[in-house]
């Protein structure tokens, strides 16, 4: 009790501050209850023991806090919606584009003139490498191509391959795997993330608890925007 008035409404207001999840009707109800309580307190206060200015200021600050939380929630909601819309626009702009995403797949194709060619592939390095050994394996694990590249910068680097062995023999069409061995100037191993080629075929809008996702087809599935390391 405060000056003969039940303060349960003030407790509700205080409790609402921690949750920060008020809808418009709840916020209006709290404000109305607060004003009713405050006016009743002023009308029924003891003339010999009136409410102090500091006490009234404190109570006014409580209702202002409730309003501020409501406005903050609205602002955050608007920012989130803008970010989601921006991500959707960005993702939609990638449809039809080739990208590099985490993976070690390389696909060899043969054209009408019996020429072989392979999809691009890439690497992501945490720091510059003095040398990077590129090894292509068949699905059975056989090494079909090997090459060493010098002076590869940190970050993402893409590579092209003609789909032939080191002896210049065209490989059969199909799926292959790429692996890397990256070393610095002292010969120490460097962490290397293999990247494979994929074509963006569609976009899945954001759902609750998930990000906008790019559809890369049945083989590569779906990825998020932050998994796209390079647009080819």
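The values are calculated or read from the model by the stated rules, or taken from the named source; none is laboratory data. Small disclaimer: the values here were computed from a predicted structure and weren't measured. Here the Cβ is made from the backbone with ideal geometry for all residues, glycine too, and neighbour counts use every protein chain on show.
Among the candidates 220, 145, 176, single out the residue that is farther than 30 Å from residue 88 by Cβ and touching a residue at least 60 places away in the same chain (Cβ under 8 Å).
On inspection, the qualifying residue turns out to be 176.
Taking the criterion of being in contact with a helix residue (DSSP H, G or I) (Cβ under 9 Å, 6 or more places away or on another chain), in the same structural domain as residue 154 (by TED's automatic domain parsing) and within 17 Å of residue 160 (Cβ to Cβ), would at least one residue in segment 174-185 satisfy it?
no
Do we have residue 156 as in contact (Cβ under 8 Å) with a residue 24 or more places away in the chain, surrounded by fewer than 15 Cβ atoms within 10 Å (Cβ to Cβ), out of contact with any helix residue (DSSP H, G or I) (no Cβ under 6 Å at 6 or more places or on another chain) and in a strand (DSSP E or B) here?
Yes: the conditions hold for residue 156.
I'm trying to understand the selection: among the residues of segment 120-151, which are surrounded by 15 or more Cβ atoms within 10 Å (Cβ to Cβ) and farther than 13 Å from residue 194 by Cβ?
129, 130, 131, 138, 144, 145, 149, listed by residue number.
Scan segment 180-232 for residues that are surrounded by 11 or more Cβ atoms within 10 Å (Cβ to Cβ), over 16 Å from the mean Cα position of the chain (by Cα) and in a helix (DSSP H, G or I) and jot them down.
Hits for segment 180-232 are 217, 219, 220.
Hey, can you tell me all the residues within segment 159-173 that are part of a loop (DSSP other than H, G, I, E, B) and either surrounded by 15 or more Cβ atoms within 10 Å (Cβ to Cβ) or in contact (Cβ under 8 Å) with a residue 12 or more places away in the chain (or both)?
160, 161, 162, 163, 165, 166, 171, 172, 173
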